[in-house]
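Note sheet for the following structure.
The values are calculated or read from the model by the stated rules, or taken from the named source; none is laboratory data. The shown structure was predicted, so the numbers you read here are calculated from the model rather than taken from an experiment. With ideal geometry, Cβ positions are generated from the backbone for all residues, glycine too; neighbour counts draw on all protein chains shown.
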Amino acid sequence: MRAVYGIVAREFARFLRQRGRVLASIGRPFVWLAFAGAGFAAVFAGRNEIDYRVYMAPGLLGMVVMFGSLLAALSTVTDRDAGVLRMMLVAPIRRGTVALGKTLGATLLGTAQTLVVAGLLLPLVHLRPTPAAALLGLAAIVLSGLAIGALGLVLAASIRSIENFAGVMNFVVFPMLFLSGALYPLRHLGPALRAVAYANPLAYGVDLLKHALLGAWAGAGYGGELPVPLDCAALALFAIVGLAVAAPLLGREGGVARTAFGERR
Amino acid sequence: MTAAAIDARGLGKDFGAVRALDRLDLEVRDGEFFGLLGPNGAGKTTTVHLLATVLTPSRGTARVAGHDVAREGLSVRRAIGLVFQETTLDRDLTVEENLRFAARLWSLPGVVAGPRIDALLREFALLERRDDPVRTLSGGMRRAADIARGILHEPRVLFLDEPTAGLDPRARRSLWERIRGLRAASGLTVLLTTHYVEEAEPCDRVAVLDHGRLAALGTPAELKQAAGVGSLEEVFLAHTGHPLAEADGG
């Protein structure tokens, strides 16, 4: 367990040293709130059911945990290029321990960023969750971080270099964000897109956050759409499957032994 | 009976159609300073990676510190230190953070790791740079930090894969002095790979590798005597039919 702690501690040490990354992760949701929020709020204004900026709050928190955990997990690609991953793989620990450490590191980083943002964002949109709701929200954030961190690790173990990053942004991050219910309720989508949305871990995370934060608007159709236990179970399942898939991929020879190969060229 | 530090039998590895290592039989004794000499592409790194459980063998078996590399990977990894050809330090972390990170991966309790890290930093002349990011260190210092990290958990067998690659002559000399000191102090078994004959010269025994095959094995003196030549350079030529330096393509 000391090894897991070591991997997590390293993630935090690295993150805090990258000032740009810290500022981006905390500033990003406010940029969305200011620009996307203002525009959509004007469109929604006539309905008078909910201020769009309030509606956005759980989605923005979901977005912070998604970026936080996913980027942390994707740093495994850099670890591999820099050789740090090899060093972890010659330590007397199992591949699964490395995967678990990276996923927990990603989860805790994502959670810490989301809590900082929540502390600034929720007062701004006048959301004051009860202690019980705050606890449910925290569970939503941690579970989302685990699920998305594990998914990010699978991605990191499968992509060859950080240059494939743009592809990840286009085909993973944006669809995940738009089909999560962060920006609009999923119930308005057609059956095909809804099916895709339900294959998206962030959708369950955002749903859970809506249960926690938008309970007062549930009657108007803006609260969580799925049962809380289902959201939790889906996120846990994503996390477990992700970890199980990522662990052997990480230890795979191709990822580690490329120079052994290169030596012959 | 004490087990040999390394015992490989018919060990081999293929990468697709490429035979990186054919069938290697090798026994390295406890406390020995053993050299694997050969040009780039001879299979030296592959051998080290197989013995360190980084790669799985395509054929044959090997035991390191008494443990089977294919079946007892964790026990093997607990007993060895491995310094890769390229640095595996985290450049964004400080020297000390890198060592602490390693200490945790090797499950060393803080009370054990702390004094050991201090001692290693002193020994490797890194004490003043302990709080500097590795990024700011010279090549020689990085190498020193790599090796300090490799022996932090007091391994029985230390693998050094081309440890002096890219270092200037002065950094090389100080590295060899450190390794000599370490061996004298702890009786550590060291397996070194190199394509420099002068680095193989001080080894207790040398295995000459070429094209994934063991071409010769013995003490430097035995090898020279058997081939009737005066240098390991000529030993390599006598056994492989081509000079060592020419095959060194970087």
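Tell me whether segment B:99-108 contains one or more residues that are modelled with pLDDT under 95, buried (at least 21 other Cβ atoms within 10 Å of the Cβ), within 9 Å of chain A (Cβ to nearest Cβ) and touching a Gly at 6+ places or on another chain (Cβ under 7 Å). Scanning segment B:99-108 turns up no residue that is modelled with pLDDT under 95, buried (at least 21 other Cβ atoms within 10 Å of the Cβ), within 9 Å of chain A (Cβ to nearest Cβ) and touching a Gly at 6+ places or on another chain (Cβ under 7 Å). Of the strands (runs of 3 or more DSSP E) lying entirely inside segment B:17-119, the ones with 2 or more residues being more than 15 Å from the chain's Cα centre (by Cα) are found at B:18-28, B:59-64.
Considered as a group, the residues in segment B:66-95 that are among the β-branched types (Val, Ile, Thr) and more than 7 Å from chain A (Cβ to nearest Cβ) include one that is nearest to A:Phe15 (Cα to Cα), and that residue is B:Thr94.
Of the residues screened, A:Leu61 is one that is out of contact with any Pro (no Cβ under 7 Å at 6 or more places or on another chain) and either basic (Lys, Arg) or more than 14 Å from chain B (Cβ to nearest Cβ) (or both).
Only one of these is in a helix (DSSP H, G or I) and farther than 14 Å from A:Leu70 by Cα: A:Leu138, A:Leu155. Name it.
None of the other options fit; the residue is A:Leu138.
Which ones in segment B:137-147 are under 13 Å from the mean Cα position of the chain (by Cα) and not acidic (Asp, Glu)? Of everything in segment B:137-147, those that are under 13 Å from the mean Cα position of the chain (by Cα) and not acidic (Asp, Glu) turn out to be B:Arg143, B:Ile147.
B:Arg71 fulfils the conditions (1) out of contact with any Ser or Thr (no Cβ under 6 Å at 6 or more places or on another chain); (2) farther than 20 Å from A:Leu250 by Cα; (3) among the charged types (D, E, K, R) except for a single criterion, (2).
Just checking, which of B:Val134, B:Val206, B:Val229 is closer than 27 Å to B:Glu27 by Cβ, of a type outside the set (Ser, Thr, Tyr), touching a helix residue (DSSP H, G or I) at 6+ places or on another chain (Cβ under 7 Å) and touching a residue at least 40 places away in the same chain (Cβ under 8 Å)? If you could, list the steps in order and put the result at the bottom.
Details: B:Val134 fails: closer than 27 Å to B:Glu27 by Cβ; B:Val229 fails: touching a residue at least 40 places away in the same chain (Cβ under 8 Å).
Result of the check over B:Val134, B:Val206, B:Val229: B:Val206.
For the residues B:Leu127, B:Leu158, B:Leu93, the requirement of being among the aliphatic types (A, V, I, L, M), in contact with a helix residue (DSSP H, G or I) (Cβ under 7 Å, 6 or more places away or on another chain) and without any contact (Cβ under 8 Å) to a residue 12 or more places away in the chain singles out B:Leu127. Of the residues that make up segment A:143-165, is at least one out of contact with any helix residue (DSSP H, G or I) (no Cβ under 7 Å at 6 or more places or on another chain) and modelled with pLDDT of 90 or more? Scanning segment A:143-165, I find no residue that is out of contact with any helix residue (DSSP H, G or I) (no Cβ under 7 Å at 6 or more places or on another chain) and modelled with pLDDT of 90 or more, so the answer is no.
For segment A:198-231, the candidate set comprises residues that are in a loop (DSSP other than H, G, I, E, B) and in contact with a Pro (Cβ under 8 Å, 6 or more places away or on another chain); within that set, the residue that is surrounded by the most Cβ atoms within 10 Å (Cβ to Cβ) is A:Asn200. Please verify whether segment B:137-145 includes one or more residues that are closer than 24 Å to A:Ala9 by Cα, surrounded by 18 or more Cβ atoms within 10 Å (Cβ to Cβ), basic (Lys, Arg) and more than 14 Å from chain A (Cβ to nearest Cβ). Within segment B:137-145, not a single residue is closer than 24 Å to A:Ala9 by Cα, surrounded by 18 or more Cβ atoms within 10 Å (Cβ to Cβ), basic (Lys, Arg) and more than 14 Å from chain A (Cβ to nearest Cβ). Inside segment B:215-234, residues that are under 20 Å from B:Leu24 (Cα atoms) and in contact with a Gly (Cβ under 9 Å, 6 or more places away or on another chain) make up a count of 2.
Give the residues of segment B:1-16 that are under 17 Å from the mean Cα position of the chain (by Cα) and either outside any strand (DSSP E or B) or among the β-branched types (Val, Ile, Thr) (or both), sorted by residue number.
Start the filter on segment B:1-16 by keeping residues that are under 17 Å from the mean Cα position of the chain (by Cα), which leaves B:4-8.
Correct list: B:Ala4, B:Ala5, B:Ile6.
Here B:Ala42 passes the criteria (1) of a type outside the set (Ser, Thr, Tyr); (2) surrounded by 22 or more Cβ atoms within 10 Å (Cβ to Cβ); (3) over 23 Å from A:Pro92 (Cβ atoms); (4) modelled with pLDDT of 95 or more except the one numbered (4). Scan segment A:127-134 and tell me whether some residue there is within 14 Å of another protein chain (Cβ to nearest Cβ) and among the hydrophobic types (A, V, I, L, M, F, W, C). Within segment A:127-134 (the criterion being within 14 Å of another protein chain (Cβ to nearest Cβ) and among the hydrophobic types (A, V, I, L, M, F, W, C)), the answer is no, since none of the residues qualifies.
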